[in-house]
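The structure appears right after this line, and notes come after that.
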Amino acid sequence: MKRFSWFNATSLTLGFAFLYLPMVILVIYSFNESKLVTVWAGFSTKWYGELFQNDAFLDAAWVTIKVAVMSSTLATVLGTMAAIVLVRAGRFRGRTLFSGMIYAPLVMPEVITGLSLLLLFIGIGMDRGVFTIVLAHTTFAMCYVSVVVSSRLVSFDQSLEEAALDLGCSPFQAFRLVTLPIIAPSVISGWLLAFTLSLDDLVIASFASGPSATTLPMKIWSSVRLGVSPEINALSTLMIGVVAAGVITASLVSKRAATRQQREERAAARLA
Amino acid sequence: MRRFTLIAIPYAWLLALFLVPFLIVFKISLSDLAMAIPPYTPNLDLSTGWAGFKDFLSQLDFENFIWLTQDDLYWKAYLSSAKIAAISTILTIIVGFPIAYGMARAPEEWRATLLMLVILPFWTSFLIRVYSWMGILSQEGYLNQFLMSIGVISEPLIILNTNIAVYIGIVYTYLPFMILPIYAALEKLDESLLEAAEDLGCSRMSAFWLITVPLSKQGVIAGSFLVFIPTLGEFVIPSLLGGSKTLMIGKVLWEEFFSNRDWPVASAVAVVLLLILIIPIILFQRNEQKQREAEG
């Protein structure tokens, strides 16, 4: 049985303290009574109350969720298509350009992506708002989705699909009944990734949006620039809580699914 | 036919919303600033046919790029971004390596949990993670309160709005990008190699330097690119944690566009930034490919 050596235990403790302490402090001080954020004046939840009365924040949160749901769904469809093209379509004219356009946005600085999209929207005279943010987010998120999905497709046994075709499935049926269920976990994690990328994005949304739409990160940004505020601490705590709950649930669900699959495989092996 | 549709839809999307916008940036970087909407000239006017197109081409020039070399704000900003990105990359290695090492040497049943703990911050808002340091580093912040209460300092340290705060912010937010590839390299390392070295008379220290470090080199290189490339164009961290003296090109581009409303110069800044980034990106891809070949 292996144990932690003292050196490894220390470096892990210090490392994780560094990663988590700032957020822990943020959470604790969101319950601070005082308006002066760095001076503790007793426990209170009043900043949460103020947050829920602040319409600007609530509107921004609603816009952000709308944008994230639409863009991540679109990005998942387009990104999955792109992944199938990358892995399955073989050679076609312009393939190099295609894969270049899939990988380039992953390393492109956000300021450049944002600037270029804004100039496009202005160039074709499109009104900027929720719709343009959705277009912008879909474009960069679909690249992340296609990377996630294509890594699963590469290891996928193609003979399963061929068997379905031999047994009389149409290509679309074969995709829906055989391929999709097998790659589903990677499609779902692609969607989740696209969703969080969209929730999180400040720079691209600032460029792509007009006066009619403000997302939550844009709202946080404009108030954070003026300094630390107790309301933002409360909002951050809520966001950290939602993410932590989501990630922990997801990992428990996938762990359960893995054990179930193992059990079924074992049962199938016994039958055979 | 079906195959054509499958290729055409994502292809058209990327052409329209990735390639074309970039060509527009390139075109505007060759244009002149004008008091108009949109604030640049010339505009492509196809109503006069071919002559209009030729006229349009003849009005484009490299003036904005020459301007970038003449005003020292810009090349100083590029240099200082490169410097900040390089120093933070090194700091991230120094902080990240021991954590990755500790994870790879941890008992088997702990590793999945540790891995999840490293990935979890990825899912939390980047903006909030940067923001959380503002309360810690400010003059009356938690760090100064703590250090003064234990009597290490008598005057508060000024950290927020300096480059030190920018380094802390970058190391903090990009640390998982460094830990994960190093961990992946270290986890594959066969421990019997270390035992063999020790049997042959190596001290543990020299076994570490002669075996562990060279075998984790690929992970360190991959992590360095993953930190260096995005930090070069970083905007949020220098704006929130840095001061007026912190010069980074992402911030310059933003201000050129939103405050000065000089679109042609902002576009030229973007084009040059991209040209600078192409070098590390190509090196990174070569490195990845080499590694894949070595494994395959």
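When you look at B:R111, is it of a type in the set (D, E, K, R), surrounded by 14 or more Cβ atoms within 10 Å (Cβ to Cβ) and under 23 Å from the mean Cα position of the chain (by Cα), yes or no? Judged against the criteria, B:R111 is not a match. Of the residues that make up the range A:208-229, is at least one in contact (Cβ under 8 Å) with a residue 24 or more places away in the chain, farther than 30 Å from A:M126 by Cα and under 16 Å from the mean Cα position of the chain (by Cα)? For the range A:208-229, residues in contact (Cβ under 8 Å) with a residue 24 or more places away in the chain, farther than 30 Å from A:M126 by Cα and under 16 Å from the mean Cα position of the chain (by Cα): absent.
So for the range B:275-286 (the condition being within 30 Å of B:M134 (Cα to Cα) and either out of contact with any helix residue (DSSP H, G or I) (no Cβ under 9 Å at 6 or more places or on another chain) or within 13 Å of chain A (Cβ to nearest Cβ) (or both)), does at least one residue qualify? Within the range B:275-286 (the criterion being within 30 Å of B:M134 (Cα to Cα) and either out of contact with any helix residue (DSSP H, G or I) (no Cβ under 9 Å at 6 or more places or on another chain) or within 13 Å of chain A (Cβ to nearest Cβ) (or both)), the answer is yes, since at least one residue qualifies. Please verify whether A:L74 is part of a helix (DSSP H, G or I), of a type in the set (A, V, I, L, M) and within 30 Å of B:A12 (Cα to Cα), treating the condition exactly as stated. For A:L74, the condition - part of a helix (DSSP H, G or I), of a type in the set (A, V, I, L, M) and within 30 Å of B:A12 (Cα to Cα) - is met.
Just to be sure before I move on: is A:A60 part of a helix (DSSP H, G or I) and away from chain B (no Cβ under 12 Å) in the structure I sent?
Numbers: part of a helix (DSSP H, G or I): yes; away from chain B (no Cβ under 12 Å): yes.
Yes; evaluated as a whole, the condition is true for this residue.
Within the range A:162-215, how many residues turn out to be exposed (fewer than 13 other Cβ atoms within 10 Å of the Cβ) and assigned to a loop (DSSP other than H, G, I, E, B)? Adding up the residues that qualify gives 5.
Is at least one residue of the range A:248-256 part of a helix (DSSP H, G or I) and in contact (Cβ under 8 Å) with a residue 24 or more places away in the chain? Can you show your working first?
So the first thing to find is which residues in the range A:248-256 are part of a helix (DSSP H, G or I), and the list is A:248-256.
Then keep just the ones that are in contact (Cβ under 8 Å) with a residue 24 or more places away in the chain; that gives A:250, A:254.
Yes, that holds for at least one residue.
Within the range A:44-55, being closer than 10 Å to A:A234 by Cα and either of a type in the set (S, T, N, Q) or not in a helix (DSSP H, G or I) (or both) holds for one residue alone: A:T45.
In the range A:1-43, the residue that is surrounded by the fewest Cβ atoms within 10 Å (Cβ to Cβ) out of those that are aromatic (F, W, Y), in a loop (DSSP other than H, G, I, E, B) and more than 8 Å from chain B (Cβ to nearest Cβ) is A:W40. Quick one: in the range B:196-252, of everything that is hydrophobic (A, V, I, L, M, F, W, C) and outside any helix (DSSP H, G or I), which residue is farthest from the other protein chains (Cβ to nearest Cβ)? So the residue we want is B:L200. In the range B:75-101, the residues that are without any contact (Cβ under 8 Å) to a residue 24 or more places away in the chain reach residues that are of a type in the set (A, V, I, L, M, F, W, C) and not in a helix (DSSP H, G or I) with C-beta atoms within less than 9 angstrom, at least six apart or across chains, in these pairs: B:L79/B:L247. Residues of the range A:37-93 that are charged (D, E, K, R) and touching a residue at least 40 places away in the same chain (Cβ under 8 Å): A:E50, A:D59, A:K66, A:R88. The single condition from (1) among the charged types (D, E, K, R); (2) surrounded by 11 or more Cβ atoms within 10 Å (Cβ to Cβ); (3) over 23 Å from the mean Cα position of the chain (by Cα); (4) over 30 Å from B:F235 (Cβ atoms) that A:E265 fails is (2).
Taken as a whole, the condition of being modelled with pLDDT under 90, away from every other protein chain (no Cβ under 11 Å) and assigned to a helix (DSSP H, G or I) does not apply to B:S88.
The values are calculated or read from the model by the stated rules, or taken from the named source; none is laboratory data. Please read these numbers as outputs of a predicted model, since none were measured by experiment. For neighbour counting, all protein chains shown are included, and Cβ atoms are generated from backbone atoms with ideal geometry for every residue, glycine included.
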